[in-house]
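To start, the structure under review is shown below, and the notes come after it.
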Amino acid sequence: MLQQLKIIIADDHPLFRQALVNTLTTQFDQPMLFEAETVTALDEILTQHQDADLLLLDLNIPNAHGFNTLVNIRNSYPHIGIVVISGQEDKVTVGKAMSFGAAGFIPKSSSVELMVKAINAVMAGRQWTPPGCEDLSAITLDSMSSKIASLSPRQHKILMMFADGLLNKQIAYELGLSEATIKAHASAIFLKLGVHTRTQAVIAMSQLYLDKTPLTAEVEQV
């Protein structure tokens, strides 16, 4: 039996979070649990608890931008096991989540027994996918998704802030950097993605959205 696990639950549905808390509390030995219902809250918890063992991440948490939060956390906290929990259970979603660095994928329709089995597998250093998704070799990332996944944690964070509509001065304030540094990061992002403006970068980023709906909102160009 695993002891004193430190687990973060990131999901915006209170009832589902409570169900996870009840499951983890009854199935594991006094786990330390932290809850986040937004990406902002998740960022704060991760900053305070960088020694967390496990993150249970809902891909649809507000401002997650599809797989983008998964990519950012995977790059920023490579030692934390990430298990995606999602209502979207198709093989393509599972395959992409694993390709972007998830250690496991639990459909929200899973039984308590299956969830516990998945968490135990990940904590033992194994990857876990739901039944029927054992062979994901045919599912590969497109070129743009791979480029976005290759961004540094800071670059990817800034790209997500672009998508949230923040101006350079707002991003500089949030990250404690100068506007000139933000512009330098922006130029590096554009170069890596092969684009020329913030708008193009944000549209490219939508390749990591679950429904791949192109973004149409205007964003400041650098």
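The values are calculated or read from the model by the stated rules, or taken from the named source; none is laboratory data. Since this is a predicted model, take the numbers as computed values, not measurements. Cβ placement follows ideal geometry from the backbone for every residue including glycine, while neighbour counts extend to all protein chains displayed. SASA here: full protein model, heavy atoms, side chains in, ligands and nucleic acids out. Shrake-Rupley method; radii C 1.70, N 1.55, O 1.52, S 1.80 Å.
Descriptive notes on the structure:
- Condition check for residue 108: in contact with a Gly (Cβ under 6 Å, 6 or more places away or on another chain) and of a type in the set (D, E, K, R): yes
- Selection within segment 29-55: residues that are in a strand (DSSP E or B) and free of Cβ contacts under 8 Å to residues at least 60 places away in the same chain. The member of this set that is farthest from residue 103 (Cα to Cα) is 29.
- Some residue of segment 210-219 being over 24 Å from residue 106 (Cβ atoms), in contact with a Lys or Arg (Cβ under 6 Å, 6 or more places away or on another chain) and at pLDDT below 90: yes
- Within segment 76-92, the set of residues being open to solvent by 10 Å² or more (accessible area, probe 1.4 Å) and without any contact (Cβ under 8 Å) to a residue 40 or more places away in the chain comprises 77, 78, 79, 87, 90.
- Against the test of being hydrophobic (A, V, I, L, M, F, W, C) and modelled with pLDDT of 95 or more, the options 71, 83, 39 yield a single qualifying residue, 83.
- Filtered by the rule that a residue be in contact (Cβ under 8 Å) with a residue 24 or more places away in the chain and either surrounded by fewer than 18 Cβ atoms within 10 Å (Cβ to Cβ) or hydrophobic (A, V, I, L, M, F, W, C) (or both), segment 155-181 gives 158, 159, 160, 162, 163, 164, 165, 167.
- Filter result for residue 73 (in a helix (DSSP H, G or I), hydrophobic (A, V, I, L, M, F, W, C), crowded, with 18+ Cβ neighbours inside 10 Å and under 13 Å from the mean Cα position of the chain (by Cα)): yes
- Filtered residue count, segment 1-33, keeping only those that are surrounded by 19 or more Cβ atoms within 10 Å (Cβ to Cβ) and either aromatic (Phe, Trp, Tyr) or under 26 Å from residue 157 (Cβ atoms) (or both): 7
- Within segment 195-211, the residues that satisfy the criterion of being closer than 29 Å to residue 91 by Cα, open to solvent by 20 Å² or more (accessible area, probe 1.4 Å) and in contact with a helix residue (DSSP H, G or I) (Cβ under 9 Å, 6 or more places away or on another chain) are 200, 207, 209, 210.
- Of all residues in segment 1-18, those that are of a type outside the set (Asp, Glu) and either within 16 Å of residue 118 (Cα to Cα) or not in a helix (DSSP H, G or I) (or both) total 11.
- Residues located in segment 122-144, provided they are surrounded by 17 or more Cβ atoms within 10 Å (Cβ to Cβ) and assigned to a helix (DSSP H, G or I): 122, 123, 144
- Annotation: of all residues in segment 43-64 being modelled with pLDDT of 90 or more and closer than 19 Å to residue 152 by Cα, the one that is surrounded by the most Cβ atoms within 10 Å (Cβ to Cβ) is 46.
- Scanning segment 94-114 for residues that are outside any loop (DSSP other than H, G, I, E, B) and either within 21 Å of residue 71 (Cα to Cα) or under 19 Å from the mean Cα position of the chain (by Cα) (or both) yields 94, 95, 96, 97, 98, 99, 104, 105, 106, 107.
- If the condition is being within 11 Å of the chain's Cα centre (by Cα) and polar (S, T, N, Q), then segment 39-70 contributes 60, 63, 68, 69.
- Qualifying residue in segment 93-115 (condition: open to solvent by 50 Å² or more (accessible area, probe 1.4 Å), acidic (Asp, Glu) and at pLDDT 90 or above): yes
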